[in-house]
Each structure stands twice: as C-alpha cells, then as structure tokens.
Amino acid sequence: MGKIIVIVILLPIVYLLALVAASEFGGEVVELETHDFRGGKYTTSLWIVDMYGDAWLRAGDPESTWLKRIREDPHVFVTRAGQKAPYRAEIVDGFSSRINAQMREKYGPAETLISTIHDADEVVAIRLGGS
C-alpha cells in the first residue's frame, strides 16, 4: 500500500517535470516580449515555427496573459537565435490545425507531451509580420 501512495504522489510531479523539460528543451525556444497598457515589459518563452514565409507562434490557451497583451498592443519583439527583432503580431483565426501540425512536425515527441495540456481546437495561431 505504501508503494502505491508513493507512486500516486510521484506521478504528477514527474509529469510536471516532463512538461517543463519538453517545453524548454524540446527544440527551438524564442523569447516573446509584450507590453501592457502601462508600458510594462513581459517576456515569455515560446516555441516557433516557420510557415508560408512567416514566423508563427501558438497560444495553447486563448486566455493566456501574453496573448491578451498582444490583443491590446500587437507590437512585439522576438529574440530568436540571439537576434532581437520587432514584429507586428497578428492573430489568425482558423489556423489551429495547421499550426498544431507544424508544431508536431518540428517538435515531435515534446509536442506530443505538451499537447496534453491544451485543447487542440482552442489554440490560437499568431503570425509575426513586419512591424
């Protein structure tokens, strides 16, 4: 009985550690810089894919605070491969299946694990265009 309790306690911890490892070490991670209405600066680590000649981000939760800041001010900065560049973030409706497929292709098993924490139909695709 004691072993079962230990397993039940350890499983969620191992799962959370696997999620963190997958998100941070599963492949290319960029830094997204957004701003709130007061001018406060926020940095979020995200995965990125290239599609149709543009860079794209994905929000797994349509209520993510960083996505809310993009809705308020779409002018963002992205640091990719050590290079910081300005972009205009554009939320693109109807692209959830495409962005999910691109993430699966690029990030493989890490994406499979990360996809367990969001509804694939509710993800939000964000295209990074010229500032």
Quiz item: What GluC sites (Glu not before Pro) in the stretch 26-124 are in a loop by DSSP, with at most 13 other Cβ atoms within 10 Å of the Cβ?
Solution: E28, E63, E122
Practice problem: Please give every one of the aspartates and glutamates within straight-line cross-link reach of K68, meaning a C-alpha to C-alpha distance under 20 Å, and leave out same-chain neighbours fewer than 8 residues apart. | Solution: E31, E33, D36, E90, D93, D119, D121, E122
Self-check item: the stretch 39-114: chymotrypsin sites (Phe, Trp or Tyr not before Pro) falling in loop per DSSP and having at most 10 other Cβ within 10 Å
Solution: Y52
Quiz item: How do K106, K84 rank when sorted from fewest to most other Cβ atoms within 10 Å of their own Cβ?
Solution: K84, K106
Quiz item: Which distance in nm do the two modelled labels at V92 and E105 give, with both placed 7 Å along the Cα-to-Cβ direction?
Solution: 1.2
Self-check item: Backbone HN-Hα couplings from phi across the stretch 96-111 [Karplus 6.51/-1.76/1.60, Hz, Gly and Pro as x]
Solution: 4, 5, 5, 5, 5, 5, 5, 5, 4, 5, 7, 9, x, x, 4, 5
Practice problem: Give, rounded to the nearest 20 debye, the magnitude of the charge dipole that the stretch 27-131 has about its Cα centre when Lys and Arg contribute +1 at Cβ and Asp and Glu contribute -1 at Cβ. | Solution: 340
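Every read-out reported here was derived from the displayed coordinates using simple, explicitly stated rules and does not represent laboratory data. Only a predicted model underlies this, so the values are computations on that prediction, with no experimental measurement involved. Don't worry about glycine lacking a Cβ; one is built from the backbone with ideal geometry, like all the others, and counts go over all protein chains shown.
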